[in-house]
Amino acid sequence: MLQSFRYMAPRTRPELLDLLAEYGSRAKLLAGGTDLLVTIRAGVHKPEVVIDLKKVEGFSGLSWSQTDGLVFRPTTTINEVLQDARVRKDYPLLAACAHDLASYQVRNRATVIGNVVNASPCSDMAPALLCLGATAVLSSKSGERRVLFQDFFIGVKRTILRPEEFLERIEIPAASAGVKGDYRKLKRIQGHDLGIVGVAVALKGGKLNIAVSSAAPTPVLVQGLDAGIAVEAAVEAVAKATSPISDVRCTKEYREFMIGTYVRRLLQEVRA
Ligand SMILES: Cc1cc2nc3c(=O)[nH]c(=O)nc-3n(C[C@H](O)[C@H](O)[C@H](O)COP(=O)(O)OP(=O)(O)OC[C@H]3O[C@@H](n4cnc5c(N)ncnc54)[C@H](O)[C@@H]3O)c2cc1C
């Protein structure tokens, strides 16, 4: 049964910051609700107040500029990312990860920011953001903090966000435009499903970045490998950085095997 809570829908950023300062950990923010409502229904979260971000002025859409790069806001949905011509042309890795997240219907509600704040080890957007050097901009009444995504995730469903903060923007550097990259996600079924493992590879400025989901308590980034690294050395570097477990979806050994397989395939693809 859905717990009862107060629903609030601020219209401006200052109103939102006031509410966060007042309610802190007693509040939960609502973007698409595709994670939040499931957890409230399951009794995992029992917020006193749910604060809807969708009516806040200036919180929608995505933009690009040479200084800020590609910017996602609190209600930018996964489908908006996928439908953006610049993303499809210049950020193919981002499009590949977005395409593998859930179904069309879920992607219409689900936001990029909700996906990373949920901080599931199997997040599909995290590997692209890690590989492309994205920054999270966290805001509260006391100001703004900027952190790279490798410092944002701190455990299963845990991030560095403080109760009075919200994730206001994700910025992907303009310099990451044109980076060659792709994503492979292993699922139990052909349709939409959470990942058994996900591997992203980006070839950026003579260096290789590899990110893996569902292979440790947080999504993992192995960055700055030499672009010409031997394939098996790259596989080994990724194996050292990850610590997959056995669970209801598959065994640890199968995960290890498939991570290696995907790293090999993706390296071949981005180097072609
Ligand atoms: C059927 C189904 C299939 C799914 N398949 C996948 C999949 O294949 N891959 C995958 O990665 N995920 C999947 N998900 C999970 C989910 O859809 C995604 O994580 C989604 O991107 C979450 O976005 P949202 O906008 O719905 O977040 P919400 O549910 O609105 O919020 C998620 C969390 O983030 C917090 N939050 C939201 N916005 C902010 C903000 N700006 N600042 C601070 N905190 C914030 C909320 O309080 C909440 O704790 C699936 C979910 C469902 C229901």
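Worth pointing out:
- Residues satisfying the criterion are absent from the stretch 39-58 (criterion: in a helix (DSSP H, G or I), surrounded by 21 or more Cβ atoms within 10 Å (Cβ to Cβ), charged (D, E, K, R) and within 14 Å of the ligand (Cβ to nearest atom)).
- Exclusive hit being among the hydroxyl-bearing types (Ser, Thr, Tyr), within 14 Å of the ligand (Cβ to nearest atom) and outside the structural domain of Ala202 (by TED's automatic domain parsing), set Thr135, Thr111: Thr111
- Qualifying residue in the stretch 58-74 (condition: without any contact (Cβ under 8 Å) to a residue 12 or more places away in the chain, in contact with a strand residue (DSSP E or B) (Cβ under 9 Å, 6 or more places away or on another chain), under 21 Å from Phe149 (Cβ atoms) and small (Gly, Ala, Ser)): yes
- Residues in the stretch 174-200 that are under 13 Å from Leu94 (Cα atoms) and among the hydrophobic types (A, V, I, L, M, F, W, C): Ala177, Val179, Val199, Ala200.
- From Thr218, Thr251, residue being free of Cβ contacts under 8 Å to residues at least 12 places away in the same chain, polar (S, T, N, Q) and either surrounded by fewer than 16 Cβ atoms within 10 Å (Cβ to Cβ) or within 16 Å of the ligand (Cβ to nearest atom) (or both): Thr251
- Only one of Ala175, Ala200 that is away from the ligand (no atom under 14 Å from the Cβ), at pLDDT 95 or above and either closer than 25 Å to Gln66 by Cβ or part of a strand (DSSP E or B) (or both): Ala175
The values are calculated or read from the model by the stated rules, or taken from the named source; none is laboratory data. The structure presented is a predicted model; accordingly, all values stated were derived computationally and were not measured. Counting neighbours? That spans all protein chains shown, and the Cβs are built from the backbone with ideal geometry, glycine included.
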